[in-house]
Amino acid sequence: MTDNGAAAPPRIFIVAGELSGDLIGSMLIRQLLKREPALRVTGLGGERMAEAGADLRYNLVRDLAIIGFTEVIIKFPKIRRVFYDTVDALRREHPDVLVLIDYPGFNLRLAEQAHRLGIKVVYYVCPQVWAWHHNRIHKLRKFVDKALVILPFEESFLRQGGVDARFVGTPWLDMMVLTMTREEVIVHFGLDPAKRIIGLLPGSRRREVESLLPTMLEAAEKIQAQAPDVQFVIPRATTVRPEIIDHLLTMAHVPVKVVDAYRYNVRAAMDLAIVASGTATLETGLLGTPMIIIYKVGFFSWLIAKGLVKIPYIGLINIVAGDMVVPELLQDQCTPQNIADRSLKILGDPREIERVKYQLAKVREKMGGRGASAQTAEIVLDLARGGAKAMAANNQASHETPR
């Protein structure tokens, strides 16, 4: 309690380790502070969470975003140090609720530690246990008080495994508010209205971009050689420094425009997108843009992934659809020639484009409407207020002398 006897504002600790998690965390923080302006939010994340009002202990998104198993090994000493520093912070600060956003290798272990400390744990954007690491469901059941899921089939799957799960909708629908028409996008960015727009989305991490963008650019050259009426655009992820993309573009033999604003508007204006597997596939699909999903990692990471993944698709948009709505080119299939061939085939078939758009619209219907961030904020605050009240009551009891 405060000095005047009023209950202290709740304290929330949030951890996100990827760009998508940082965005989701920032929207949640804004909704939390909208409801409780005196709320204290601390944690680990990225620039977006800091801008939204979080007191960041460490920038995970900048320094420890991980792709592939080999990168985990390379960065393990730093991951381990940050992990135990965070456990110490939880022990000292004892927040009312710990909110974990994706980043399962780190966050599931943190959930266990928080549970032992008696801190309530909310997992928002849960580990994809339906795809791989199925045994993680036992940790969710044991160490997580509430699992808030963003894909419609996850609630029943986790509930069957004994996890207290609830579907809150997808936060990407909260983010993706379009403010420009296709014509306005073309004018604003100086694009050619007579040419079709192909987007290149090579990911949000440096190693991912350095691995995939050269393949995309070579594919772009092959596409333009056969279809001169196309132009290429890269909506640069905020976590990728401009000079990284600029350097790779110096080796390309095709003009590409890089945009750093109105990214969702630009994606919605595309006729086709070539997208690195990840959150961007679901975002692009919800915008109704036909795409080709590509995925390529190191050889050993690929061998491990092949042994662990138990579902027929890798792209989130296909997983939610339960069908191969858009093509996936994985590992050895992810070549410039294959990407170009698939792109030209789609662009040359108006009926295929309409089929894909229809299927993507059906996926969007499954995802519900906007409001995931607001709903999550209400659930987190309900748990936090309960924890804060209990702590206040304990503190008061400890100061009272028996009669």
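Of note:
- If you go through region 77-127 and pick out every residue that is of a type in the set (Val, Ile, Thr) and assigned to a strand (DSSP E or B), you end up with 5.
- Residues of region 79-119 that turn out to be among the polar types (S, T, N, Q) and under 21 Å from Ala165 (Cα atoms), as a count: 2
- One residue stands out in region 310-340 among those that are of a type in the set (D, E, K, R) and surrounded by fewer than 16 Cβ atoms within 10 Å (Cβ to Cβ): the one that is nearest to Ala280 (Cα to Cα), namely Asp323.
- The residue list Gly105, Gly68, Gly46 contains one member that is at pLDDT 90 or above and under 20 Å from the mean Cα position of the chain (by Cα), which is Gly46.
- Every residue from region 179-196 that is touching a Lys or Arg at 6+ places or on another chain (Cβ under 8 Å) and closer than 13 Å to Arg263 by Cα: Phe189
- Val209 vs. criteria over 30 Å from Arg48 (Cβ atoms) and buried (at least 19 other Cβ atoms within 10 Å of the Cβ): no
The values are calculated or read from the model by the stated rules, or taken from the named source; none is laboratory data. All figures in this text were calculated on a predicted structure; none of them were measured in a lab. Using ideal geometry, Cβ is built from the backbone for each residue, glycine included, and neighbour counts are taken over all protein chains shown.
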